[in-house]
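Asker: Got a structure for you, written out below as structure tokens; questions coming shortly.
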Amino acid sequence: MNETSIRQYQDSITVQASADTLYDLVSDITRTGEWSPVCTSCWWDDEDSAGQPGAWFTGRNELPQRTWETRSQVVTADRGREFAWVVGGKFVRWGFTMTPAETGTTLTESWEFLPAGIAMFEEKFGDGAQVQIADRTQQALDGIPKTLAAIKRIAESIDADEEARS
């Protein structure tokens with residue numbers, strides 16, 4: 001992988017749910033394991049700051065060959081518009097944005113490997129850094145469409161339940 005390789009990616013899906021419903025879902029990091037193919041669970045490091053910019057949470061990630069935990073910091077928490085966090089506070093930025101669509105809301109998930117993340121991998125893995133970076137990149141490319149499809153299924157189920165009750 002060279003300097004022109006993919007370091008960021010995003011994909012979108014239209015969901016028959018309100019932007020607030022989607023925001024409430026994706027910003028509840030304790031539910032991440034319901035839709036992420038890698039992150040099986042998350043919890044707030046301090047419940048008092050949960051969901052607010054600056055709040056930290058820990059995520060448990062599992063693949064067949066390894067299991068690890070990361071700490072992430074919320075960098076954007078704008079209900080109905082955007083929820084984003086940075087792994088390690090500086091390594092990788094993940095986020096969701098919600099924009100009105102003709103029918104429902106367009107949910108976009110984005111991922112960006114930040115310069116400090118690249119540097120950390122180079123320091124940690126040395127000559128193997130590019131292979132590790134390529135592996136993490138492929139996980140994001142494969143995982144984002146799966147995550148969006150799962151969130152769509154869950155969110156549309158939530159909105160259908162709310163409509164049935166009203």
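The values are calculated or read from the model by the stated rules, or taken from the named source; none is laboratory data. None of the values given here were measured: they were computed from a predicted structure. For neighbour counting, all protein chains shown are included, and Cβ atoms are generated from backbone atoms with ideal geometry for every residue, glycine included. Remember, those area values only see protein heavy atoms, side chains included, never the ligands or the DNA or RNA. Shrake-Rupley method; radii C 1.70, N 1.55, O 1.52, S 1.80 Å.
Asker: Heavy atoms only, probe 1.4 angstrom, no DNA, RNA or ligands counted: give me 90, 152 ranked by accessible area, highest first. Numbers along the way, then the final one.
Answerer: On the way: 90 115, 152 55 Å².
Most to least solvent-accessible, the answer reads 90, 152.
Asker: In addition: How large is the accessible surface per residue of the stretch 85-166, computed with a 1.4 Å probe and reported in Å² as a whole number? Mind dumping the intermediate values first?
Answerer: Details: 4220 Å² over 82 residues.
Ligands and nucleic acids excluded, the figure is 51 Å² per residue.
Asker: Starting from 0.36 nm per residue, how many nanometres of slack lie between residue 116 and residue 142 once their C-alpha separation is accounted for?
Answerer: On the way: separation 26, 0.36 × 26 = 9.36 nm, distance 2.29 nm.
Full extension from residue 116 to residue 142 adds 7.1 nm.
Asker: Name all residues of the stretch 86-125 having a backbone nitrogen under 17 Å from the label point set 7 Å from the Cα of residue 14 along its Cα→Cβ direction, giving them as ranges.
Answerer: Counting backbone N atoms under 17 Å from the label point, the list is 98-109.
Asker: Let me ask something else about it. For the chain, which whole percent of the accessible surface, found with a 1.4 angstrom probe, sits on carbon and sulfur atoms?
Answerer: Values: 4220 of 8790 Å².
About 48 percent, which is the carbon plus sulfur part of the accessible surface.
Asker: Moving on. On a straight-distance basis, which lysines could pair with residue 124 in a cross-link, Cα separation under 27 angstrom, same-chain partners fewer than 8 positions away excluded?
Answerer: 90
Asker: Heads up, I need the accessible area for residue 46: 1.4 angstrom probe, whole protein in place, Å², nearest 10.
Answerer: 70
Asker: In debye, nearest 20: dipole of the stretch 1-152 around its Cα centre with unit charges on the Cβ of K, R (+) and D, E (-)?
Answerer: For this selection, approximately 180 debye.
Asker: If you take Cα extents along the principal axes in Å from the coordinates, which of (1) 50, 38, 24; (2) 89, 54, 45; (3) 59, 35, 29 do you get?
Answerer: This structure yields the entry labelled (3).
Asker: Per DSSP H run of n ≥ 4, the term is -39500 (n - 2.57); total these for the chain, divide by its residue number, and report the mean residue ellipticity at 222 nm rounded to 500 deg cm²/dmol. Display every interim value, and only then the final one.
Answerer: Values: 3 runs with 56 residues, N = 166.
The helix contribution divided over the chain gives -11500 deg cm²/dmol.
Asker: While we're looking at this one, here's another question. About its Cα centre, how strong a charge dipole does the stretch 64-137 have in debye, to the nearest 20, once Lys and Arg get +1 and Asp and Glu get -1 at the Cβ? Write out the running numbers ahead of the final one.
Answerer: Working: 8 positive and 10 negative charges, 45 e Å.
It comes to approximately 220 debye.
Asker: Work out the FRET efficiency for residue 149 and residue 90 from their Cβ-Cβ distance, taking R0 = 25 Å, and round it to the nearest 0.05.
Answerer: On the way: r = 30 Å, r/R0 = 1.19.
The computed FRET efficiency comes out at 0.25.
Asker: Which of 85, 116, 51 sits farthest toward the positive end of the charge dipole of the chain, with +1 on the Cβ of Lys and Arg and -1 on the Cβ of Asp and Glu?
Answerer: Of 85, 116, 51, it is 116.
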